[in-house]
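What follows is a short report on a single structure.
The values are calculated or read from the model by the stated rules, or taken from the named source; none is laboratory data. Since this is a predicted model, take the numbers as computed values, not measurements. Here the Cβ positions follow ideal geometry from the backbone for every residue, glycine too, while neighbour counts run over all protein chains shown. Ligands, DNA and RNA are excluded from the accessible area calculation, which covers all protein heavy atoms including side chains. Shrake-Rupley method; radii C 1.70, N 1.55, O 1.52, S 1.80 Å.
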Amino acid sequence: MMKPFDHVDANSAARAAALLGEGNQAAPSRPEDRPVRLIAGGTDLLTVMKDDIVSPQTLVNIKTVPDLDRIQFDVATGLHLGPLVSLTDLEHDTLINDRYTALAQAAHLSASPQLRNMATIGGNLLQQSRCWYYRGPFHCWLKGGDECYAREGENKYHAILDQGQCITVNPSDPAQALIAFDATLHILGPSAQRDLKVEQFFINPTPQRRALNQLDDDELITAITLPTPPPDTHSVYLKMMDRQTWGFALVSVAARITWDGDRIARADIIMGGVAPTPYRATIAEQEITGRSRSDLHSGLADRAAHKAMRDAHPLEHNAYKAPLGAALIKRALLAL
Amino acid sequence: MPSNLPAGHSRRTITMTVNDEQHTVYVEPRRTLLDALREDLGLTGAKKVCDLGQCGACTVIKGNRAIYSCLTLAVECAGQSIQTIEGLAQADPAPGSQLRLHAIQQAFIECDAYQCGYCTPGQIMAIKALLEHNPNPTLDEVKMGVSGNLCRCGAYPNIFRAALRAAELLRTAG
Ligand SMILES: Cc1cc2nc3c(=O)[nH]c(=O)nc-3n(C[C@H](O)[C@H](O)[C@H](O)COP(=O)(O)OP(=O)(O)OC[C@H]3O[C@@H](n4cnc5c(N)ncnc54)[C@H](O)[C@@H]3O)c2cc1C
Ligand code: SF4
Ligand code: FES
Ligand code: FES
């Protein structure tokens with residue numbers, strides 16, 4: 001049973017930011033201790049509340065704010081997603097399938113149909129870690145404790161790259177696709193607005209900020225925007241799970257290529273499930289940029305994919321992730 | 001707590017439409033829709049198994065989409081329309097007759113699509129939402145439609161057959 005809390009319907013984004021600002025003034029040292037939290041779809045929040053990982057005193061419902069569930073597109077300005085756009089809507093939108101294919105695929109491969117109906121894209125980017133120590137009764141490092149239990153413990157699902165004091169992976173699928181399309185978050189606080197690239201938004205937790213992202217106690221995401229991809233841009237999202245559906249990614253890849261005739265003008269390869277943040281496979285991107293389609297199909301994709309994984313540091317139970325990551329990168333590139 | 005936040009640990013009265021009838025419940029904000037249905041309205045068809053969005057036994061339809069009622073707050077359903085398994089069978093107009101099962105329920109019996117039956121109400125509600133959006137699904141679309149509903153007994157092949165059979169029954173019924 002969840003601890004008791006107040007529930008307030010916000011009628012505007014500004015009101016929601018004001019309520020966050022007032023309620024979280026005391027700036028708790030752990031993000032888990034924020035007394036006021038937003039609720040969107042509730043699919044992550046209620047699970048961490050039921051497990052007593054967070055126990056807010058007040059929930060501010062933003063589903064009552066008008067127009068936050070809009071999808072708009074204009075060639076000049078690109079795609080505008082309200083934070084309440086559901087994963088189901090992302091999955092089915094024709095324009096997104098057409099121009100931002102990897103994003104529609106990432107939404108489609110997330111969670112289950114019921115969860116996608118409820119889950120919002122804003123909430124998706126703010127999910128709490130799925131590390132089982134974090135979700136269980138362990139006061140691990142990310143929760144403010146001294147030790148990361150996963151490092152020497154059960155680490156089958158944990159990071160192989162960019163390992164810091166916490167080796168969890170970010171659970172979001174759409175995050176990788178948003179980064180591949182250079183998406184920007186529009187963030188509102190009680191007194192200021194700021195824009196942040198999705199790629200910068202996710203952070204490797206530090207002792208000063210034990211969190212997976214940069215959102216402050218009093219801020220909300222009001223929109224996500226993606227520039228219009230240049231002509232001849234193709235993308236794909238591939239994801240491996242323990243089973244075919246309704247699982248978090250073991251490893252995933254969002255790959256996007258913009259072609260200039262037969263040449264790769266730009267490549268974005270963003271991996272999920274391998275690091276505490278979405279991981280840009282820079283080495284592989286560099287390896288293939290400027291090269292031709294026939295190069296890609298005669299060994300280059302394979303070489304680039306393997307180079308991308310050469311810095312991996314597998315732990316006791318997750319050595320499978322490096323070859324899996326290489327295989328997914330290769331498969332993704334050959335599909336473009 | 002800052003004083004200008006509205007106080008509301010206390011219960012509140014909300015009205016929602018459940019199976020085409022208005023119901024009023026008096027609930028705390030922390031009450032889930034699942035608990036409100038089961039405890040306050042006595043509608044125990046939706047089952048509580050994981051309570052964490054991992055099994056699908058609590059599936060109901062809100063508006064026109066299947067959702068997990070265990071991850072939905074009852075207070076956020078005020079003014080909404082909810083369908084549960086209890087609303088599927090309809091009264092037969094002939095006097096003295098029993099309830100007439102919905103085509104999906106009939107198809108489940110015909111295809112023997114359950115063993116223990118615990119997942120069945122959730123499966124049926126997921127299939128109902130699927131068929132409302134897609135009256136003529138392929139086998140793969142059916143599999144996707146019930147991919148958010150676990151069956152511990154492994155009755156999947158018959159559940160898929162039942163969904164396809166129900167689609168056929170509903171199409172021929174016009
Ligand atoms: C069994 C299960 C399997 C899943 N599998 C996957 C998967 O495979 N891939 C995947 O990507 N996800 C998966 N998910 C996670 C799911 O996609 C997320 O829970 C969902 O997207 C969160 O969105 P929400 O609207 O429900 O967020 P909520 O639960 O309402 O909120 C989550 C957090 O975000 C904050 N928040 C919400 N909206 C805003 C906003 N606009 N501004 C600032 N803060 C905000 C809330 O305060 C809260 O802290 C799974 C979840 C479950 C339960
Ligand atoms: S990986 Fe992170 S969340 Fe998991 S136990 Fe270690 S510190 Fe905690
Ligand atoms: S009880 Fe709701 S999904 Fe399991
Ligand atoms: S019939 Fe037993 S769980 Fe599905």
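Using 0.36 nm times the number of residues separating A:Gln72 and A:Asp146, minus their current alpha carbon distance, what extension gain do you get?
My answer for the length gained is 22.1 nm.
Heavy-atom accessible surface, probe 1.4 Å, ligands and DNA/RNA ignored: which residues of the stretch A:24-55 lose at least 30 Å² versus the isolated chain?
For the stretch A:24-55, once contacts with the other chains are taken into account, A:Leu46, A:Thr47, A:Lys50 lose 30 Å² or more.
Within 14 Å, Cβ to Cβ, of B:Asn134, how many net charges do the neighbouring residues add up to if Lys/Arg are +1 and Asp/Glu are -1?
-1
What are the ³J(HN,Hα) values, in whole Hz, obtained from phi via the Karplus relation 6.51 cos²θ - 1.76 cosθ + 1.60 with θ = phi - 60°, for each residue of the stretch B:105-110 in sequence order, with x given for Gly and Pro?
5, 4, 5, 4, 5, 4
Could you name every residue in the stretch A:113-133 that has 40 Å² or more less accessible surface in the full protein assembly than in its own chain alone (probe 1.4 Å, ligands and nucleic acids excluded)?
Listed in order, they are A:Pro113, A:Gln114, A:Asn117, A:Met118.
Counting only other residues whose beta carbon sits under 9 Å from that of A:Leu250, what net charge do I get with K and R as +1, D and E as -1?
Residues near A:Leu250 contribute +2 overall.
Determine the sum of side-chain charges near A:Gly189: Lys and Arg each +1, Asp and Glu each -1, restricted to other residues whose C-beta is under 11 angstrom from that of A:Gly189.
-3
Would you mind getting the accessible area per residue of the stretch B:90-173, heavy atoms of the protein chains only, 1.4 Å probe, in Å²?
The answer is 54 Å² per residue.
Within straight cross-link reach of A:Lys63, meaning Cα distance under 20 Å, which lysines are found once same-chain residues fewer than 8 apart are removed?
The qualifying lysines are B:Lys62.
Computed on protein heavy atoms with a 1.4 Å probe, what is the summed buried accessible area for the chain pair B and A, in Å² to the nearest 100?
3100
Let me spell out the model: positive unit charges on the Cβ of Lys and Arg, negative unit charges on the Cβ of Asp and Glu, origin at the Cα centre of the stretch A:233-335. What dipole size does that give, in debye rounded to 20?
In total the dipole reaches around 120 debye.
Evaluate peptide A:8-18: per residue, the Cβ atoms of other protein chains within 10 Å of its Cβ; return the mean as an integer.
1
Sort B:94-103, B:73-82, A:125-134 for me by packing, meaning the mean count of neighbouring Cβ atoms within 10 Å per residue, highest on top.
A:125-134, B:73-82, B:94-103
What dipole magnitude, in Debye to the nearest 20, does the stretch A:145-278 give about its Cα centre under +1 on Lys/Arg Cβ and -1 on Asp/Glu Cβ?
260
Given the rule -39500 (n - 2.57) for each run of at least 4 DSSP H residues, summed and divided by the residues of chain A, what is its mean residue ellipticity at 222 nm, to the nearest 500 deg cm²/dmol?
Taking each H run of at least 4 residues, the total per residue is -7000 deg cm²/dmol.
Tell me the per residue accessible area of the stretch A:77-122 using a 1.4 Å probe; a whole number in Å² is fine.
On a per-residue basis, 28 Å².
Keeping the other protein chains in place, figure out the carbon and sulfur percent of the accessible area of the stretch A:233-335, with a 1.4 Å probe.
Here it works out to 50 percent.
If amide hydrogens are placed 1.01 Å from N in the peptide plane, which non-local residues have theirs closer than 5 Å to the one on A:His317?
Under 5 Å from the amide H of A:His317 lie the amide H atoms of A:Asn155, each far enough along the sequence or on another chain.
Which of the peptides A:270-282, A:168-180 is most tightly packed, and how do the rest follow, going by the mean number of other Cβ atoms within 10 Å of each residue?
In descending order of packing, they fall as A:168-180, A:270-282.
So who's got an amide H within less than 5 Å of the one on A:Cys140, skipping anything under 5 residues away but keeping other chains? H placed 1.01 Å off N, in plane.
A:Gly145
How many Å² of accessible area per residue for the stretch A:174-217, probe 1.4 Å?
Per residue, the stretch A:174-217 has an accessible area of 39 Å².
Which residues of the stretch B:133-168 end up with at least 40 Å² less accessible area in the presence of all protein chains than when their chain stands alone, using a 1.4 Å probe?
With the partner chains in place, the stretch B:133-168 has these residues losing at least 40 Å²: B:Met144, B:Ser147.
Of all accessible surface on chain B at a 1.4 Å probe, what whole percent is carbon and sulfur?
It is 49 percent, rounded to a whole number.
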